[in-house]
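Participant: Take this structure first; my questions come after.
No value in this document is a laboratory result; all are computed from the given coordinates. Quick caveat, the model's predicted, so the values are computed rather than measured. In this analysis, Cβ positions are derived from the backbone assuming ideal geometry, glycine residues included, and neighbour counts consider all displayed protein chains.
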Amino acid sequence: MRRWIVLGILTVCAMSTLFLATLDCPAQRTEMRQPGEVFQPADFNKLLGMEGFSNILLQNHFKLYQGYVKNTNVLDGKLSTMLKDGKTDTPEYGELKRRFGFEFNGMRLHELYFGNLGDKKDLDPASPLYAALSKNFGSYAQWKKDFIATGSMRGIGWVILYLDLPSGRLINEWVNEHEMNHLAGCTPLLVMDVFEHAYMTDYQLDRARYIEAFFKNINWDVVGKRFP
């Protein structure tokens, strides 16, 4: 009995350490932002020349992403000023507060999207992520079928492969615009942009060909590092 109690304590400690390590992962936590410090756009020019994505499409997409960063900073500054000036009970404050989620998520989702592109290797069948996808969906092929089906739905938004940490479930979810349908508390692992600007320059209305090109360029090493 004593032996099983000791083993139980060691297991709990190990799980706690893993959870804390996940929180301190550089991809999820960086140095604390200082008051007044602005968000800086990341450089994704290394993606230029990527097969299936013209440089014109990518450069325009980068500019759009930079616009989200700029607007996030503008709103952040205005909301901070209104807070200092005691104007939080105004309709203007409420509308800007609501808009902030749209601009901020537009910034972060693009960073996750560009960040999980740029490689040509398939997901390693021996990897923990491959095993988890197979367990959750019955097979990797079934997961991919569901992800593509989600991305083929009518509308504009994002497809996100989420990890629900409490249950260990992997879930493909459609996110409308940037800020609606997010699964609370879940970690985004793989992000695909399905707004028209992500593919119309190269594929017009043929979203299926764009999704095919997306899968050919997933950086599974990056996605795997997002999977704790």
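Participant: Give the Debye-formula value of log10 I(q)/I(0) at each listed q (0.18, 0.21 Å⁻¹), with one equal scatterer per alpha carbon of segment 54-212, two decimals each.
Facilitator: Summing over Cα pairs of segment 54-212 leads to -1.16, -1.39.
Participant: If packing is taken as the mean number of other Cβ atoms within 10 Å per residue, what is the order of 141-147, 121-127, highest first?
Facilitator: Working: 141-147: 16.1, 121-127: 11.9.
Order by mean packing, descending: 141-147, 121-127.
Participant: Could you state the per residue volume, in Å³, of the convex hull enclosing the Cα atoms of segment 147-214?
Facilitator: Numbers: hull volume 5.2 nm³, N = 68.
Cα-based convex hull of segment 147-214, divided per residue, equals 76 Å³.
Participant: Enter the Cα centre distance for the pair segment 161-201 and segment 55-80, rounded to the nearest angstrom.
Facilitator: Measuring centre to centre over Cα atoms gives 20 Å.
Participant: Whole-Hz ³J(HN,Hα) for each residue in segment 188-204, computed from phi via Karplus 6.51 cos²θ - 1.76 cosθ + 1.60 with θ = phi - 60°, x for glycine and proline: what do you get?
Facilitator: x, 9, 10, 10, 10, 7, 10, 6, 4, 5, 6, 8, 5, 4, 9, 10, 6
Participant: Separate question: Mind listing P(r) for segment 75-122? All alpha-carbon pairs, 10 Å bins, whole percents.
Facilitator: 23, 35, 20, 13, 7, 2
Participant: Can you work out the FRET efficiency for the pair residue 221 and residue 74, with r the C-beta to C-beta distance and R0 = 41 Å, to the nearest 0.05?
Facilitator: Once rounded, the FRET efficiency stands at 0.75.
Participant: Would you mind checking the pairs 135/216; 63/145; 145/225; 46/216; 46/78; 46/121 and listing those with alpha carbons more than 28 angstrom apart?
Facilitator: Values: 135/216 23 Å; 63/145 31 Å; 145/225 23 Å; 46/216 16 Å; 46/78 33 Å; 46/121 17 Å.
Going by Cα-Cα distance, 63/145; 46/78 fall outside the 28 Å limit.
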